[in-house]
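Inspection log for the structure reproduced underneath, given as structure tokens.
Just so you know, all these numbers are worked out from the coordinates, no wet-lab data involved. None of the values given here were measured: they were computed from a predicted structure. Virtual Cβ from ideal backbone geometry, glycine too; neighbours counted across all protein chains shown.
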Amino acid sequence: MDVPRFEEYPERSLHLTAVQQFQRAADLVDLPGHYRAMLSQPMNEIIVNFPVRMDDGSWEIFRGYRIQHNNLLGPFKGGIRFHQDVDLDEVKALAQWMTFKCSLVGLPFGGAKGGVTITPDLYSDDELQRVVRRFTHSLGTNIGVDHDIPAPDVGTNSRTMDWLMDTYANVSGPGGVQAVKGVVTGKSLSTGGSAGREAATGQGVLYALRHWCGEADERLEGLTIGVQGFGNVGSHFARLAAREGCSIRIVGDHTATVVNDEGLDVEALVSWVAEHGGVDGFPSADQVSTEELFAHELDVFVPAALENQLTEDRARALRSRLVIEAANGPTTLEAERLLADRGVEIIPDILANAGGVVVSYFEWLQNKMSASWSAFEVDEKLRTILWAAHDREVETRRRHGCSRREAAYVVALERLAEVYDRRGIFP
């Protein structure tokens, strides 16, 4: 059984990048061809087109996706993205990365991802609520507490998940309203969410940096850091890192890039963004070009925006010792090869940003048990799981003499292959 041919993919396919990433690790462990083929494509591709009434009484048709990549280890799990660039190729890649991410950190989940092609800023809150509810209704039984569990992603948040859960509960019958709270994670605390979930991905990125400091005999305090993307992940990481004594020197988002070589006041920047919608105009910094974000001299660069941001040209200009991929797929294959030649280390996305899905797992468990854990309990459990995953990645890297990304994929693939070997393939 062969993996898909490259000519089957569009130019600069994100899904092709995802396939090529795990194929390198598959070569290291001689993964059988039929397992490679199964992991190269999703099990299910669900595409729905649904009408939504606008505030002015007109109607628009939206396209939504739910890609279910693999459920060998447990229910499908992955976020729902609202963004104008959402398409089938992107969501397939994101779903595949989720499979390997869950396997790497040892969760009983498979991988999925969803999205709606929409520019959220162009719609009112009432219109967005109707989009969420119609999308949820269109997905129907393709999601479920023990089948496929969505979560927030780019352009969505706890409010989105509250609407999704409520819609699902209301079409599940009166006996199931309470039992279906775990159909989504990332909900608000009052509707069954978990303490620590909002900051979990950023907290996981900080743990990745802490672990690297231990490996490299570096002090966390005093490290200079640049962050691309100042949404949920980037802002929480920056706040946490600044509290630990790191100097956040430069931050860029979709509105501008701001720099202060004495260190940005991160709390003030968070407040500014909340009020103004972006970093543009932040008074306690200088404004520079987007390309300066990559070329600024730093210890650590953290891409926390969208995929394919760290291109070959930007990798050539990069002046950082370490890249921590807080976003999914931020580094192109060409850029990664160039950075490897330059000796720049990359902590890969499937490890660096796994904190979100780990705490989503905690939320799912709490909903199933009708329990509530404290923020301290959540953080301790999160640290234990992520630290163990980093330890496995380091040991595997030494054993195979490979890159961090390849080592992370080897850990994930070895777990998947063992389960395939033990369970067999039906029929």
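For the range 200-347, give the share of DSSP beta bridges that are antiparallel, in percent and rounded to the nearest 5; count only bridges with both residues there.
Details: 6 of 22 bridges.
Counting only bridges with both partners in the range 200-347, antiparallel ones make up about 25 percent.
Could you calculate the FRET efficiency of Asn170 with Asp286 from 1/(1 + (r/R0)^6), where r is the beta carbon distance between them and R0 is 56 Å, rounded to 0.05?
Numbers: r = 51 Å, r/R0 = 0.91.
It comes out at approximately 0.65.
How long is the range 43-177 along each principal axis, judged by its Cα atoms, biggest number first, in Å?
Here the spans come out as 48, 38, 23 Å, largest first.
Quick one: plug the Kirkwood hydrodynamic radius of the range 286-344 (C-alpha pairs) into Stokes-Einstein at 10 °C, 1.306 mPa s, and report D in µm²/s.
On the way: Rh = 11.3 Å.
Approximately 140 µm²/s, per Stokes-Einstein.
Above 38 angstrom, tally the Cα pairs of the chain and express them as a % of all pairs, no decimals. Each step should come with its number before you reach the end.
Working: 16058 of 90951 pairs.
Looking at the chain, the distances longer than 38 Å represent 18 percent of pairs.
Contour minus end-to-end for Arg219 and Phe376, with contour as 0.36 nm per residue of separation and end-to-end as the Cα-Cα distance? Provide the component values of the computation, followed by the final result.
Working: separation 157, 0.36 × 157 = 56.52 nm, distance 2.43 nm.
This chain segment gains 54.1 nm when fully extended.
Rank by packing, highest mean first: peptides 309-319, 122-132, 403-413, with packing defined as the count of other Cβ atoms within 10 Å averaged across residues. Walk me through the numbers on the way to the answer.
Details: 309-319: 18.1, 122-132: 16.5, 403-413: 24.5.
For the peptides 309-319, 122-132, 403-413, the packing ranking is 403-413, 309-319, 122-132.
Based on DSSP H runs of at least 4 residues, each adding -39500 (n - 2.57), what is the mean residue ellipticity at 222 nm of the chain after dividing by all its residues, to the nearest 500 deg cm²/dmol? Don't skip to the answer; put the middle values down first.
Values: 15 runs with 196 residues, N = 427.
The helix contribution divided over the chain gives -14500 deg cm²/dmol.
Tell me the relative contact order for the range 318-427 as a rounded percent, counting alpha carbon contacts under 8 Å between residues six or more apart. Kindly include the intermediate steps, with their values, before the conclusion.
Working: 73 pairs, mean separation 25.5, N = 110.
RCO, the range 318-427: 23 percent.
From Cα pairs below 8 angstrom and at least 6 apart in sequence, can you work out the relative contact order of the chain, rounded to a whole percent?
With pairs under 8 Å counted, the relative contact order is 16 percent.
Divide the volume of the convex hull of the Cα atoms of the range 200-347 by its number of residues and quote the answer in cubic angstrom per residue. It would help to have the intermediate numbers written out before the result.
Numbers: hull volume 13.6 nm³, N = 148.
Dividing the Cα hull volume of the range 200-347 by its residues yields 92 Å³.
Mind ordering 35-47, 352-364 by average Cβ neighbours within 10 Å, highest first? Please report the intermediate quantities before stating the final value.
Numbers: 35-47: 17.9, 352-364: 27.5.
Answer by packing, highest mean first, reads 352-364, 35-47.
Could you tell me the calculated FRET efficiency between His137 and Gln178, based on Cβ-Cβ distance and R0 = 25 angstrom, to the nearest 0.05?
0.80
Classify the range 310-427 from the C-alpha gyration tensor, please: rounded if a/c falls under 1.5, else prolate or oblate depending on whether a/b exceeds b/c. Can you show the working numbers first?
Working: a/c = 2.28, a/b = 1.45, b/c = 1.57.
Note, shape of the range 310-427 comes out oblate.
Label the range 110-200 by shape, choosing from rounded, prolate and oblate, from the square roots a ≥ b ≥ c of the eigenvalues of the Cα gyration tensor; if a/c is under 1.5 it is rounded, and otherwise prolate applies when a/b is larger than b/c, oblate when it is not.
Values: a/c = 1.44, a/b = 1.19, b/c = 1.22.
Taking the square roots of the gyration eigenvalues as a ≥ b ≥ c, the range 110-200 is rounded.
Mind checking the range 221-326 for chymotrypsin sites (Phe, Trp or Tyr not before Pro) that DSSP puts in a loop (not H, G, I, E or B) and that have at most 10 other Cβ atoms within 10 Å? Mind showing how you got there, number by number?
Numbers: sites: Phe230, Phe237, Trp272, Phe294, Phe301; in loops: Phe230.
Of the chymotrypsin sites (Phe, Trp or Tyr not before Pro), not one in the loops of the range 221-326 has a Cβ with at most 10 other Cβ atoms within 10 Å.
Using only Cα atoms, what Kirkwood radius does the range 342-387 have, in angstroms?
Numbers: mean 1/r = 0.0833 Å⁻¹.
Averaging 1/r across every pair of different Cα atoms and inverting gives 12.0 Å.
Express in nm, to one decimal, how much length is gained between Glu262 and Glu297 on full extension, taking 0.36 nm for each residue of separation and deducting their alpha carbon distance.
Numbers: separation 35, 0.36 × 35 = 12.60 nm, distance 1.30 nm.
Once the chain is fully extended between Glu262 and Glu297, it gains 11.3 nm.
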